[in-house]
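Read through the structure below, which is laid out as structure tokens, and then see the notes.
Throughout, read-outs are computed from the coordinates displayed, never taken from laboratory work. Source: prediction; values computed, not measured. Cβ sites come from the backbone with ideal geometry, for glycine too, and all protein chains shown count toward neighbours.
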Amino acid sequence: MSTPSHPKRLRLLLGLIQAGVGLSAILGGAQLVSDPTGAGAALPLEWLQGSPFSDYLIPGLLLLVAVGLGTSLAAGATWLGFRRAGLLAMAAGLVLVVFILTEVWMVGWRTLLQPLFLVLGLLILALGLAAHRQTLPAAPRPEPFPSAEHGGPHRGAVADAVRPSNPPGRPA
């Protein structure tokens with residue numbers, strides 16, 4: 001998938017994805033915090049066997065705060081056009097990817113939401129990178145090195161190291 005080249009379209013797409021992920025994570029995390037048994041979310045406690053968690057309270061808090069609030073804040077920064085919004089988006093995408101991969105490592109692939117949100121996290125990362133690149137200033141074109149035959153002044157550390165500061169025949 002190619003990323004939109006127009007900055008406003010890119011910000012809109014990125015912001016919509018971030019807002020959707022953020023809202024989903026806030027709602028899901030709040031549900032797990034309010035009912036750590038996971039029954040309300042149809043998540044059996046047996047899925048946590050072998051993990052460091054006895055219930056869904058800590059995973060719910062991480063989902064609510066790190067993924068939900070973090071991604072929502074990144075969405076706001078994206079829509080408001082903050083200069084560092086692309087970096088925030090990349091951070092939010094990385095947090096989501098790490099959260100999902102850690103979840104899969106601890107409990108395995110259990111629902112279709114896991115691969116969906118893994119792909120969304122990678123998409124947020126990619127779009128965040130594209131948005132960040134659009135905010136970078138254009139790279140300056142290097143000045144050609146003036147040669148001694150054209151009488152140009154020497155520039156740069158390499159030229160200073162190669163060319164003596166007081167050439168023969170010049171007064172000190």
Inset, instruction - Within the range 98-130, count every residue that is more than 13 Å from T78 (Cα to Cα), of a type in the set (V, I, T) and within 10 Å of the chain's Cα centre (by Cα). - result: 0
Legend entry - In the range 42-64, the residues that are part of a helix (DSSP H, G or I) and either surrounded by 15 or more Cβ atoms within 10 Å (Cβ to Cβ) or of a type outside the set (D, E, K, R) (or both): L45, W47, L48, L57, I58, P59, G60, L61, L62, L63, L64
Inset, instruction - Please go through the range 30-41 and pick out each residue that is touching a helix residue (DSSP H, G or I) at 6+ places or on another chain (Cβ under 7 Å) and in a loop (DSSP other than H, G, I, E, B). - result: P36, T37, G38
Inset, instruction - Tell me, yes or no, whether the range 119-129 has at least one residue that is surrounded by fewer than 14 Cβ atoms within 10 Å (Cβ to Cβ) and at negative phi. - result: yes
